[in-house]
Amino acid sequence: MQSTLETISRLHALECSVCRATYSATVLQRTSACCAAPLLATYELHEPLSPAAGIDLHEGSMWRYRRLLPLLDEANQVSLGEGFTPLLPLTSLASRYNLAELLIKDEGQNPTGSFKARGLSMAISKAKELGVAGCIIPTAGNAGVAMAAYCAKGGMRAVVVMPRHTPQAFKEECYWYGAEVHLVDGLINDCAARVRELNSANELLDVSTLKEPYRLEGKKTMGYELAEQLRWTLPDVLLYPAGGGTGLIGIWKAFREMQALGWLPAEVPLPRMVAVQATACAPLWATYTGQQANSQQYVGRPTIANGLAVPRPLGEALMLQVLRESRGTVVPIDDQGMLTGMRELARHEGLFVAPEGGAVWMAARKLVDAGWIGRHERMLLLNTGSGQKYLENVMGQA
Ligand SMILES: *Cc1c(COP(=O)(O)O)cnc(C)c1O
Ligand SMILES: [Zn+2]
């Protein structure tokens, strides 16, 4: 049975991110057959659509943008209330550091404690719509927990593969949701190899970052929210902790879509996008600074910011494109710096952020000191997760 909302999504097709070949969005797709590259969802954006008509103002979650999201039938929506997170002014830190405007989008308030909820709500909803019975994921922690929760809600089998050194809280939460958990010695790329073994018969949908097109669509809602919450203006600089890069790529995609829709007028400049990495695992930084041609052979080490331990991101080219188009940059922050950032956000702003969030604040400080960001500029930090599941990594460091 198709609900009346079946027609409201403006989903058009899927497009290869390398050669732009198009693929049907009505059947299950993974990466592109032509280039083995990520597929990007495209929409009919040229028919007039005002924000008033395009946004469901009664919906207090990311699903308020469902017209620009890929789900065709609302009956397939698997939601725990993800998204529409607060945008908070960091007034105390701004005055301490003499900054004109410092904002944080707190994604730690999402279901399962991180912004992974957005991507997995979308991916699991689409998996349900396309008749998938179970999903599998290699994860540094948060994505696995989110997938397990949404699979539980959607009645699907869940298989999660994570590094053995991941804090226990991530594993436990997966067990509570009834997921099958496999532990691997190594980082997320080693988990990906195990996923290929476990799923050699291809019975499960692999929802790895950018290996299916819909997690990105969930993540892009952060871009829509930012613009709406800032009343159709944008920050001058946006700082994001990049692992696989879906947030960076997704937010930029949202900005481009809103430009095409006319929601963001041409005179509103897009922000300079900053990818923040962990010093222990900074493949994008190594490529960006010319130390390597790409990260296909990069070897990373563990960091307290588990979500940043992604040595060989599939979306590297797309991330570099965002940095280029936005005149952005990459900043590595070490684990000590992340702890300092977490302390400052906790003591002065009442926010217990993930180490990834601590890294982003330290990167902002670093770029201000270097003169790359002016003190008069409007800065936006993305805190991607809550600190709570990372206790084991930061115990006794307050
Ligand atoms: C996964 C994760 C990241 C990195 O997200 P990508 O989409 O892989 O770039 C950052 N912070 C937290 C808390 C995460 O869980
Ligand atoms: Zn292609």
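The values are calculated or read from the model by the stated rules, or taken from the named source; none is laboratory data. What you are looking at is a predicted structure, and each value in this text was computed from that prediction instead of being measured. Glycine also receives a Cβ, built like all others from the backbone with ideal geometry; neighbour counts cover every protein chain displayed. The accessibility values were calculated without ligands, DNA or RNA, using every heavy atom of the protein model including side chains. Shrake-Rupley method; radii C 1.70, N 1.55, O 1.52, S 1.80 Å.
Starting from the residue with the highest accessible area, list Phe115, Phe84 in decreasing order, probe 1.4 Å.
Ranked from most to least accessible, the order is Phe84, Phe115.
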query = Probe 1.4 Å, all protein chains in place: accessible area of Glu197 in Å², nearest 10?
reply = 120 Å²
task = With an 8 Å cut-off on Cα pairs and a minimum separation of 6 or more residues, tell me the relative contact order of segment 42-127 in percent.
result = 26 percent
Cα centre as origin, Lys/Arg/Asp/Glu Cβ charges: segment 175-301 dipole, Debye = 300 debye
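What is the mean projected area of the alpha carbon convex hull for segment 279-350, to one decimal in square nanometres?
Directional mean of the projected Cα hull area for segment 279-350 stands at 5.7 nm².
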query = Once the mean 1/r over all distinct Cα pairs of segment 186-283 is inverted, what Kirkwood radius in angstroms do you read off?
reply = 15.4 Å
inquiry  = I want to verify the translational diffusion coefficient of the chain in µm²/s; compute it with Stokes-Einstein, Rh as the Kirkwood radius over Cα pairs, at 10 °C and 1.306 mPa s.
reply    = 76 µm²/s
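What full-extension length gain, to one decimal in nm, is calculated for Glu180 and Arg327 as 0.36 nm per residue of separation minus the Cα-Cα distance? Could the numbers behind the result be given before it?
Details: separation 147, 0.36 × 147 = 52.92 nm, distance 4.25 nm.
So the chain would gain 48.7 nm between Glu180 and Arg327.
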message = So if I average 1/r over every pair of distinct C-alpha atoms in segment 270-398 and take the inverse, what Kirkwood radius in Å does that give?
response = 15.1 Å
inquiry  = With +1 on the Cβ of every Lys and Arg and -1 on the Cβ of every Asp and Glu, and nothing else charged, how large is the dipole of the chain about its Cα centre, in debye rounded to the nearest 20?
reply    = 460 debye
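Please express the shape of segment 343-386 as an equivalent ellipsoid: the semi-axes are the square roots of 5 times the eigenvalues of the C-alpha gyration tensor, given largest first in whole angstrom.
20, 10, 9
From the P(r) of segment 36-182, could you give the percentage of C-alpha pairs in the tail past 19 Å?
Counting every Cα pair in segment 36-182, those more than 19 Å apart make up 61 percent.
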request  = Let me have the relative contact order for segment 113-238, percent, based on Cα pairs under 8 Å that are six or more residues apart.
outcome  = 31 percent
task = Put one equal scatterer on each alpha carbon of segment 219-258, apply the Debye formula with no solvent term, and list log10 I(q)/I(0) at q = 0.22, 0.25 1/Å to two decimals.
result = -0.65, -0.82
note = Taking only protein heavy atoms and a 1.4 Å probe, the highest-to-lowest accessible-area order of Lys153, Lys211 is Lys153, Lys211
ask   = How would Thr329, Thr233, Thr221 line up by accessible area, probe 1.4 Å, largest first?
value = Thr233, Thr329, Thr221
query = Which of Cys135, Ala94, Val353 sits farthest toward the positive end of the charge dipole of the chain, with +1 on the Cβ of Lys and Arg and -1 on the Cβ of Asp and Glu?
reply = Ala94
note = In whole percent, the fraction of accessible protein surface over segment 352-398 that belongs to carbon or sulfur atoms, probe radius 1.4 Å, stands at 52 percent
task = May I ask you to give the percent of accessible area on segment 47-120 that is carbon plus sulfur, with a probe radius of 1.4 Å?
result = 51 percent
query = How much accessible area per residue does segment 1-151 have, in Å², with a 1.4 Å probe?
reply = 39 Å²
request  = Treat every Asp and Glu Cβ in segment 170-248 as -1 and every Lys and Arg Cβ as +1, leave all other atoms uncharged, and give the resulting dipole magnitude about the Cα centre to the nearest 20 debye.
outcome  = 240 debye
query = What FRET efficiency would be calculated for the residue pair Ala100, Ala133, taking the C-beta separation as r and a Förster radius of 56 Å, to the nearest 0.05?
reply = 0.60
ask   = For the cross-link pairs Lys171/Lys366; Lys105/Lys389; Lys126/Lys366; Lys105/Lys366, which exceed 30 Å when the distance is taken from alpha carbon to alpha carbon?
value = Lys171/Lys366; Lys126/Lys366
ask   = Percent of accessible area on segment 171-313 owned by carbon and sulfur, 1.4 Å probe?
value = 49 percent
For segment 261-312, convex hull volume per residue from C-alpha positions, Å³ = 135 Å³
inquiry  = Helix-only mean residue ellipticity at 222 nm, the chain, DSSP H runs n ≥ 4 weighted -39,500 (n - 2.57), per residue, nearest 500. What is it?
reply    = -10500 deg cm²/dmol
query = So what is the relative contact order for segment 202-250, in percent, with contacts set as C-alpha pairs under 8 Å and at least six apart?
reply = 46 percent
Evaluated over segment 124-260, the Cα radius of gyration and Dmax, each in Å = 16.3, 49
task = Tell me which residues come under 5 Å, amide H to amide H, from Val78 once H is placed; ignore anything under 5 positions away on its chain.
result = Ser125
inquiry  = Using only the Cα atoms of segment 1-70, what semi-axes does the equivalent ellipsoid have when each is the square root of 5 times a gyration tensor eigenvalue? Give whole Å, largest first.
reply    = 26, 13, 11
task = Counting only heavy atoms of the protein chains, get the accessible area per residue of segment 246-398 (1.4 Å probe) and round it to a whole Å² value.
result = 39 Å²
